[in-house]
Structure formats: structure tokens, C-alpha cells
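Presented below is the structure to which this report refers.
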Amino acid sequence: MTTKFFEKISNNYLELLEDKEDFNVNIKIGESPNIKIFQAHSAILKHRSLYFRNELKTAGKDGNNIKRLI
């Protein structure tokens, strides 16, 4: 029973990492003309990285309530 629970929650977590819906952070990497933008979920970034936790505290939001990290 416990093994199936952890297997299911692990699969749900992987799905969330790959999910493009409901993201609330854009991470812009590179310089023009070689720019790549990654979409992410702030909750995951904040809990997995002290760097992102600190950066997201001060990141501004755009008109769609998306935080942008440049």
C-alpha cells in the first residue's frame, strides 16, 4: 500500500514538472538573439532551490501575474 502511494505521488510530481499549464514563472536565459525562455512553477523552484527562493521574493510580475526572472 505505501509503495503504491509513493509511486503514484512520484508520478504526479513528474507530471507537474512537465506541465505547461498553470506555470507562474518565466526564466529567460541568454542574450539576443540567442534567448531561451523556460516556464516553471514557483512552488517547485522555491522548495528545491535556495537561489530561486531568494530570487522569487523580489521578482516582479507582468500583467498576467507571471513572475519573470532574467
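Just so you know, all these numbers are worked out from the coordinates, no wet-lab data involved. This structure is a prediction, so every number in the text was calculated from the model and none was measured. Cβ: placed from backbone, ideal geometry, glycine included. Neighbour counts: every protein chain shown.
Which order, highest average first, do 29-37, 44-52 follow once you tally other Cβ atoms within 10 Å for each residue and take the mean per peptide?
Highest to lowest by the protection proxy: 44-52, 29-37.
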Total formal charge among the other residues, if their Cβ is under 14 angstrom from that of residue 62, Lys/Arg +1 and Asp/Glu -1:
+4
For residue 11, net neighbour charge (Lys/Arg +1, Asp/Glu -1) across residues whose Cβ lies under 13 Å away
-2
Counting Lys and Arg as +1 and Asp and Glu as -1 over every other residue whose Cβ sits under 10 Å from the Cβ of residue 24, the net charge comes to +1
Derived scalar couplings ³J(HN,Hα) [the stretch 17-29; Karplus, 6.51 cos²θ - 1.76 cosθ + 1.60; whole Hz; x for Gly, Pro]:
4, 8, 6, 8, 7, 6, 5, 9, 9, 10, 10, 9, 10
If I take every Cα pair under 8 Å that is 6 or more residues apart in the stretch 1-62, average their sequence separation and divide by the length, what percent do I get for the relative contact order?
21 percent
For the chain, list log₁₀ I(q)/I(0) at each q in 0.21, 0.22 Å⁻¹, using the Debye formula over Cα point scatterers of equal strength and ignoring solvent, two decimals each.
-0.94, -0.99
To the nearest 500 deg cm²/dmol, what mean residue ellipticity at 222 nm is calculated for the chain from DSSP H runs of n ≥ 4 alone, each contributing -39,500 (n - 2.57), summed and divided by the residues?
-14500 deg cm²/dmol
